[in-house]
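To keep things clear, I will list the structure first and then write my remarks on it.
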């Protein structure tokens with residue numbers, strides 16, 4: 001299964017593409033879609049949306065894993081992030097793809113084992129898990145972490161382990 005991970009933003013949208021082959025995750029591509037800060041919000045979102053559509057057309061993912069909006073101290077920042085995430089979801093919907101959403105703490109825990117890990121720890125684990133020689137930009141690394149989270153969450157080996165567990169036989173007590 002090909003997974004597109006996204007870390008949406010109103011100026012930068014990180015993307016990461018990985019293949020999940022029966023639980024083996026392989027790096028395909030990553031990058032950052034960007035728009036000039038000086039442009040109005042609708043123009044920036046439109047530019048990022050066009051780039052996202054091109055990424056989806058080029059890499060043909062089966063599913064998109066998107067990071068959830070986390071709460072900000074600044075309501076304007078939270079609103080801008082929510083608008084960017086909405087734009088990404090609209091593009092994904094227009095392409096007919098399914099979406100899986102993950103909270104930032106879930107992504108950190110899945111990749112590093114700790115929900116409170118810092119960006120540096122997440123980046124080093126992403127690098128190790130998919131064998132990158134160098135670290136990409138932070139937004140792309142975050143997007144890869146979201147894709148890895150989805151791959152680790154839906155691996156067929158997990159289903160096999162669960163289905164291999166047999167219920168205990170009923171104990172019949174005789175008096």
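Nothing in this text is a laboratory measurement; each read-out follows from the coordinates by a stated rule. Just so we're clear, the structure is a prediction, and the values are computed from it rather than from any experiment.
Running a GNM on the chain with Cα contacts under 10 Å, which residue among 16, 51, 116 ends up with the highest mean-square fluctuation?
116
Taking a ≥ b ≥ c as the square roots of the eigenvalues of the Cα gyration tensor of the stretch 50-153, is the shape rounded (a/c under 1.5), prolate (a/b larger than b/c) or oblate?
oblate
For the chain, what Kirkwood radius comes out of the mean inverse Cα-Cα distance, in Å?
Result for the chain, one decimal place: 17.1 Å.
If you project the alpha carbons of the stretch 22-62 onto the principal axes, what extent comes out on each, in Å, largest first?
Projected onto the principal axes, the Cα atoms of the stretch 22-62 cover 44, 16, 13 Å.
Could you check what % of the DSSP bridge pairs in the chain are antiparallel, to the nearest 5?
65
What whole-number distance in Å separates the alpha-carbon centres of the stretch 13-66 and the stretch 71-111?
12
Counting alpha carbon pairs within less than 8 Å and at least 6 residues apart, what relative contact order, in whole percent, applies to the chain?
30
What is the stretch 55-143's relative contact order, in percent, from Cα pairs under 8 angstrom and six or more apart in sequence? Write out the running numbers ahead of the final one.
Values: 75 pairs, mean separation 22.3, N = 89.
Relative contact order comes out at 25 percent.
Roughly what angle does helix 41-59 make with the longest principal axis of the chain, taking Cα atoms, 0 to 90 degrees, to the nearest 10?
Helix 41-59 sits at roughly 50 degrees to that axis.
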